[in-house]
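To start, the structure under review is shown below, and the notes come after it.
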């Protein structure tokens, strides 16, 4: 689909309603803008919260980890995380 849109004096554009509907872009939605070979590409993206863990929480997890080093190594090997 090709549409002509106008860039406002403040650099804003309005995406046509049909495009927003087809791509599921709702008010407040987030898009990624990339410039690729002189063209502007917009893609809708999902935003997820990144949780930060304190040193205390990480230490608690380490304390609660009941695997022996041998069990941990075997699990890692079986999951294919190391060659």
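The values are calculated or read from the model by the stated rules, or taken from the named source; none is laboratory data. Computed from a predicted model, the values in this text were never measured in an experiment. Counting neighbours? That spans all protein chains shown, and the Cβs are built from the backbone with ideal geometry, glycine included.
Numerical summary
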| item | result |
| --- | --- |
| Pick from region 66-83, criterion loosely packed, with under 10 Cβ neighbours inside 10 Å and in a loop (DSSP other than H, G, I, E, B), ranking: modelled with the lowest pLDDT | 83 |
| Residue check, residue 11 surrounded by fewer than 10 Cβ atoms within 10 Å (Cβ to Cβ), part of a loop (DSSP other than H, G, I, E, B), without any contact (Cβ under 8 Å) to a residue 40 or more places away in the chain and within 23 Å of the chain's Cα centre (by Cα) | no |
| Of residues in region 29-46 being under 20 Å from residue 19 (Cα atoms) and part of a loop (DSSP other than H, G, I, E, B), the one nearest to the chain's Cα centre (by Cα) | 46 |
